[in-house]
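Okay, structure first, notes after.
The values are calculated or read from the model by the stated rules, or taken from the named source; none is laboratory data. Owing to the predicted nature of the structure, the values given are computational and were not obtained by experimental measurement. When we count neighbours, we look across all protein chains shown, and the Cβ atoms used for this are built from the backbone with ideal geometry, even at glycine. SASA here: full protein model, heavy atoms, side chains in, ligands and nucleic acids out. Shrake-Rupley method; radii C 1.70, N 1.55, O 1.52, S 1.80 Å.
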Amino acid sequence: MSIDIETARKVAHLARIKVEEDRLPELAENFNAILGFIEQLNEVDVEGVEPMTSVTPMRLKRREDVVTDGNMPEKVLSNAPDAREGFFAVPKVVE
Amino acid sequence: MADLNKLTIADARDAMRKGDLTSAELTDACLSEIEGAGALGAFVHNTPDLARDQAKAADDRIKAGDAPDMCGIPLGIKDLFCTKGVASQAGSRILEGFIPEYESTVSQNLLDNGTVMLGKLNMDEFAMGSSNETSVYGNAVNPWKIDDRQLTPGGSSGGSASAVAADLCLAATGTDTGGSIRQPAAFTGITGIKPTYGRCSRWGVVAFASSLDQAGPMTKSVRDAAIMLEAMCGHDAKDSTSADLPVPNFEAMLTGDIKGKKIGLPKEYRMDGMPDEIEALWSNGADMLRDAGAEVIDISLPHTKYALPAYYVIAPAEASSNLARYDGVRYGHRAKLGQGDGITEMYEKTRAEGFGDEVQRRVMVGTYVLSAGFYDAYYNRARKVRALIKKDFDDVFAQGIDAILTPATPSAAFGLGEMENADPVKMYLNDVFTVTVNLAGLPGIAVPAGLDAQGLPLGLQLIGRPWEEGDLLNIAHEVEARAGFVAKPQKWW
């Protein structure tokens, strides 16, 4: 499986990372080196093996479905690059 | 007392309890060492005022009696831990200016035990790297040096390793996703333990690969690792994968008796082209354990070869998901937008400016292996191989093996910049002996065990049964005692 420039462009967009056109060939080459390394996994017989979901056998704890946190909008917004009137501000999303 | 900063946790604790030493004196000694150690690039955010206040409070607590073991001990904290009111950037530009409103559970546990925070420590960006060369702060440098060649302290906990090895602090926190505590510990001649997955809460620790990440201590001795680990771990309702198990007194388990313990030597770790020095270190380690009355047994972990490729599917996949939160909306860096730029451009520009090359690469690899059509071929297959890797360990433990001895790294520390033009996979090979342990969720410890021909430290790794950190530390303590590693780097910084 070889990654071409078109695929590299698509992956960069899916990852929401802007990659300049002139950097795409190098990126595709890097992907190919890493994926070539990963290809080794095809040698392993995984017939009948369940994919691991949890490394230690544990049952997720349950708790009451109640509010345990909140009422701190200033703290939540304190690190925002742009916060106005108690909200996160972003560029216009809908026309 | 001279050279207070060189003390171990255990010795400082005993001296403070006896009244021979105060935390204020100890903290001042460390702060002045840090001031003169800028060339190491280890500390990246210093908190001297906070440290002095905490030291004073610790001294009061010790005077009142019944203080915890860690009370008054000055530590460095890896930049990956969120610390309330103190910059926490995970070594990344994208978290520039981020000042958490909360404290990570592990660092809070330490504070509850009365520790002193000297500052935050350098690391590879988002803990992705094995040389501390991907940090926005610049390189951390190994205090060990040959001629004029500057060496890597390893990564990702490179600042932690450098700071502890150079005696800038008594100990430091680290985190380990594929070897990020154990490899830098080995490169700098210190001890580092990654506990069983679930021992330390991950809450408030910037996430890289959530099914693999674990925090642990980096210290000057195995005893110190035992003392500090106990203070760091414990159940936390805020991390759903945190284990609800009692935390034993690990230090009390350092009995010095390992007679009859069964130690496995996995044949798959004897790799082609392994340097003779590593081979010799490993067999010396086995001899030490035999001399201590342990039984050394050849074992097989047949899927070892596939651990790194499985890791380089699973870790980037989880990273691509975890790092999706850095979008320029809620915290950290936001790119300056051009005329007509919408929200998509904001995301794409912010992430391109905020993430370094290696992080971008891994996020994109993760995105690819999770994308429609490849999920089964890559991600699910890697999770199946992971299950087989864990089963290899389960099988040898079922045969009665108590711990497994391996080299910690395939080489001693390499020069900064030497891997710059290598293909990224070459850097990944640094973690070949450590990454299996994360995939299987096991505890692993690196202990300094010798010097190579150039005079650089080399470490051995011991891998334990799940939740048996106490037993593992006891075996490691025996290796430490018999190896008698006392070498220290010559001060040049």
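Scanning the stretch A:50-62 finds one or more residues that are more than 7 Å from every other protein chain (Cβ to nearest Cβ), surrounded by fewer than 17 Cβ atoms within 10 Å (Cβ to Cβ) and under 24 Å from the mean Cα position of the chain (by Cα).
Annotation for the stretch A:21-42: at least one member residue is more than 8 Å from every other protein chain (Cβ to nearest Cβ), of a type in the set (S, T, N, Q) and within 23 Å of B:LEU323 (Cα to Cα). Has the stretch B:336-347 got any residue that is in contact with a Gly (Cβ under 9 Å, 6 or more places away or on another chain) and in contact (Cβ under 8 Å) with a residue 60 or more places away in the chain? Within the stretch B:336-347, not a single residue is in contact with a Gly (Cβ under 9 Å, 6 or more places away or on another chain) and in contact (Cβ under 8 Å) with a residue 60 or more places away in the chain.
Taking the criterion of being open to solvent by 40 Å² or more (accessible area, probe 1.4 Å), at positive phi and among the small types (Gly, Ala, Ser), would at least one residue in the stretch B:70-91 satisfy it? Yes, that holds for at least one residue. When you scan the stretch B:450-472, how many residues do you find that are assigned to a strand (DSSP E or B) and in contact with a helix residue (DSSP H, G or I) (Cβ under 7 Å, 6 or more places away or on another chain)? The number of residues fulfilling the criteria is 9. Could you figure out which of (1) within 10 Å of another protein chain (Cβ to nearest Cβ); (2) assigned to a loop (DSSP other than H, G, I, E, B); (3) open to solvent by less than 50 Å² (accessible area, probe 1.4 Å) isn't true of A:GLY70? Checking A:GLY70 against (1) within 10 Å of another protein chain (Cβ to nearest Cβ); (2) assigned to a loop (DSSP other than H, G, I, E, B); (3) open to solvent by less than 50 Å² (accessible area, probe 1.4 Å), the one that fails is (1). Just wondering, is there one or more residues in the stretch B:304-322 that are out of contact with any helix residue (DSSP H, G or I) (no Cβ under 8 Å at 6 or more places or on another chain) and either part of a helix (DSSP H, G or I) or modelled with pLDDT of 95 or more (or both)? Yes, because at least one residue in the stretch B:304-322 is out of contact with any helix residue (DSSP H, G or I) (no Cβ under 8 Å at 6 or more places or on another chain) and either part of a helix (DSSP H, G or I) or modelled with pLDDT of 95 or more (or both). Within the stretch B:102-140, the set of residues being aliphatic (A, V, I, L, M) and open to solvent by less than 10 Å² (accessible area, probe 1.4 Å) comprises B:VAL106, B:LEU110, B:VAL116, B:LEU118, B:LEU121, B:MET123, B:ALA127, B:MET128, B:ALA140.
The requirement of being crowded, with 17+ Cβ neighbours inside 10 Å and over 26 Å from the mean Cα position of the chain (by Cα) is satisfied by B:MET16. Scanning the stretch B:280-303 for residues that are open to solvent by less than 20 Å² (accessible area, probe 1.4 Å) and either of a type in the set (Gly, Ala, Ser) or outside any strand (DSSP E or B) (or both) yields B:LEU281, B:TRP282, B:GLY285, B:ALA286, B:LEU289, B:ALA292, B:ALA294, B:LEU301. Within the set B:ASP59, B:ASP69, the sole residue that is of a type in the set (Asp, Glu), assigned to a loop (DSSP other than H, G, I, E, B) and in contact with a helix residue (DSSP H, G or I) (Cβ under 6 Å, 6 or more places away or on another chain) turns out to be B:ASP69. With the structure loaded, tell me whether B:VAL447 is assigned to a helix (DSSP H, G or I), of a type outside the set (Gly, Ala, Ser), in contact (Cβ under 8 Å) with a residue 60 or more places away in the chain and touching an Asp or Glu at 6+ places or on another chain (Cβ under 9 Å) or whether it fails that test. It is false that B:VAL447 is assigned to a helix (DSSP H, G or I), of a type outside the set (Gly, Ala, Ser), in contact (Cβ under 8 Å) with a residue 60 or more places away in the chain and touching an Asp or Glu at 6+ places or on another chain (Cβ under 9 Å). May I ask you to list the residues in the stretch B:393-412 that are touching a helix residue (DSSP H, G or I) at 6+ places or on another chain (Cβ under 9 Å) and open to solvent by 10 Å² or more (accessible area, probe 1.4 Å)? Correct list: B:ASP402, B:PRO410, B:SER411, B:ALA412. Exactly one residue among B:GLU268, B:GLU277 is in contact (Cβ under 8 Å) with a residue 24 or more places away in the chain, open to solvent by less than 70 Å² (accessible area, probe 1.4 Å) and among the acidic types (Asp, Glu), and that residue is B:GLU268.
For (1) under 16 Å from the mean Cα position of the chain (by Cα); (2) under 24 Å from B:LYS6 (Cα atoms); (3) polar (S, T, N, Q), each residue gets a yes or a no:
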residue	(1), (2), (3)
B:PRO410	no, no, no
B:ALA413	yes, yes, no
B:GLU420	no, no, no
B:VAL425	no, no, no
B:LEU439	yes, no, no
B:GLY470	no, no, no
B:ASN474	no, yes, yes
B:LYS488	no, yes, no
B:TRP493	no, yes, no
